[in-house]
Amino acid sequence: MNYIVLDLEWNQGGAAEENNSALPFEIIEIGAIKLNNEREKTGEFSELIKPQIYHEMHYVTKKLIHLQMDQLESGKPFPEIMEKFRNWWGEDYIFCTWGPLDLAELQRNIRYYQLKPIADRPFKFLDVQKLFSIGCEDSKTRRSLEYAIDFLQIEKDIPFHRAFSDAYYTAKVLSLLDAAVLENYSYDVFNIPKNRGEEIYTLFDTIHQSPYTKYISRGFEDKIKALNDKNVISTKCYLCNKNLRKKIRWFTPNGKHYYSVSYCDKHGYMKAKIRVRKAENDRIYVVKTEKFISEADVENISKLQEQTKIHRKEKRAAKSQNHRSRN
């Protein structure tokens, strides 16, 4: 298997050009490094893309990257570069990026030009930014690429903030991480599961993190339908496969994240967290994670639930008072 370490630069509409709602970010450069199964470099890809939508460099883009619009005129249109890139990365591969944004923008540009999609459902990739945090820090903090380069004492032999150079440095970081860290793959969800059979349910059990599960649902018309679905709201012990009763029922402090705590007689308390998200096709889907926690963690979640109840009571009381005042 090859690791395709990818980085993109893109432009957007400025004061003289309105944003195209179908393609708010137009890719203007693709850079990539190919690593073999031993994470040794076996290939390079670097191409400028001739703009078709935005013909002035947005001030943010101009500030971040060392690239001028007249340089892009020597490039070729995105469909031509994409065909060349697809042929270059080959068949047996996994994408690797610094953060999850590049893959989403690549697929959005592919869709805009009505090209063959990378996939029609979620697919695995390696978020090297996340992997660096798991392997070198606290698993939660997300650092800049340059921070990781300094942390790992990698030589800065080419400038940052071009697609090829950032792919080059991301590949350097990836090549130095412990092999076990790479088991913590991510899922790209530009295209969500279309039906129950395509839904994702994965157990992550690595030496660098406590075991946990991730579930990615199919799409729903709205949040209410999603949160009434049995697959979404049920909790099951991922160690003994037993359906669990909830000690703390589902609640939300903010309308986006939902929490519950269930109990397994054999393995203890299990926290479940639901994140409600909106897909590219405007349907609602859910990402649910589950992991076992301590009694102290259970107490903290219980306190959060009580605070949520108090906040809602205060909010209803204030709303009622305002209504009476107007009348």
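The values are calculated or read from the model by the stated rules, or taken from the named source; none is laboratory data. The structure presented is a predicted model; accordingly, all values stated were derived computationally and were not measured. Cβ: placed from backbone, ideal geometry, glycine included. Neighbour counts: every protein chain shown. What goes into the accessible areas is simple: the full protein's heavy atoms, side chains included, and nothing from ligands, DNA or RNA. Shrake-Rupley method; radii C 1.70, N 1.55, O 1.52, S 1.80 Å.
Restricting the calculation to Cα positions, tell me the Rg (one decimal) and the Dmax (whole number) of segment 117-178 in Å.
13.0, 39
At ARG249 and TYR93, where each label point lies 7 Å from the Cα along Cα→Cβ, what is the point-to-point distance in nanometres?
Those two pseudo-labels are separated by 5.0 nm.
Could you state the angle between the C-alpha long axis of helix 101-112 and the longest principal axis of the C-alpha atoms of the chain, as a value from 0 to 90 degrees rounded to the nearest 10?
The angle comes out at about 70 degrees.
Short version: what are the Cα gyration tensor semi-axes of segment 214-327, square root of 5 times each eigenvalue, largest first, in whole Å?
Calculated on Cα positions only, the semi-axes equal 29, 21, 10 Å.
As an exercise, find the ratio Rg/Rh for segment 1-98 from alpha-carbon atoms, using the Kirkwood inverse-distance average for Rh.
For segment 1-98, the value is 1.03.
Considering the convex hull of the alpha carbon atoms of the chain, report its projected area averaged over all viewing directions, in nm², one decimal.
21.5 nm²
Might you report the magnitude of the Cβ-based charge dipole of segment 267-327 about its Cα centre, with Lys and Arg at +1 and Asp and Glu at -1, to the nearest 20 debye?
Around 520 debye, computed over segment 267-327.
Give me the lysines in straight-line cross-link reach of LYS140: C-alpha distance below 18 Å, same-chain residues under 8 apart excluded.
LYS130, LYS214, LYS271, LYS273, LYS288, LYS291
At R0 = 51 Å, how high is the FRET efficiency between HIS257 and SER46 if r is their beta carbon distance? Nearest 0.05 is fine.
Result of the calculation: an efficiency of 0.80.
Assuming 1.306 mPa s and 10 °C, estimate D for segment 226-293 with Stokes-Einstein, Rh taken as the Kirkwood radius over Cα pairs, in µm²/s.
Calculated translational D: 127 µm²/s.
For segment 50-92, what are the per-bin percents of Cα-Cα distances with bins 5 Å wide, up to the bin holding the maximum?
Calculated over all Cα pairs of segment 50-92, the distribution is 5, 19, 21, 20, 16, 12, 6, 2 percent.
Each residue of segment 151-163 in turn: what ³J(HN,Hα) in whole Hz from Karplus with 6.51, -1.76, 1.60 and θ = phi - 60°, glycine and Pro shown as x?
Running phi through 6.51 cos²θ - 1.76 cosθ + 1.60 with θ = phi - 60° gives 4, 8, 6, 8, 5, 8, 9, 9, x, 7, 6, 9, 4 Hz.
Hey, any idea what % of the chain's accessible area is carbon plus sulfur with a 1.4 Å probe?
47 percent
Under unit Cβ charges (Lys, Arg +1; Asp, Glu -1), what dipole magnitude, rounded to 20 debye, does segment 128-261 have relative to its Cα centre?
1060 debye
Using the crude model of +1 on Lys and Arg Cβ and -1 on Asp and Glu Cβ, and no other charge, please compute the dipole size for segment 1-57 relative to its Cα centre, in debye to 20.
Around 240 debye, computed over segment 1-57.
Multiply the residue gap between ARG143 and SER294 by 0.36 nm, knock off their C-alpha separation, and tell me the result in nm, one decimal place.
That works out to 51.5 nm of additional length.
For the chain, with the dipole built from +1 on Lys and Arg beta-carbon atoms and -1 on Asp and Glu ones, taken about the Cα centre, which of ILE248, ILE134, TYR258 lies farthest toward the positive end?
So the residue furthest toward the plus end is ILE248.
Tell me which of SER217, VAL298, VAL276 sits at the most positive position along the dipole axis of segment 214-310, charges placed on C-beta atoms (Lys, Arg +1; Asp, Glu -1).
SER217
Taking a probe of 1.4 Å, how large is the accessible area per residue of the chain, in Å²?
Here the per-residue accessible area is 54 Å².
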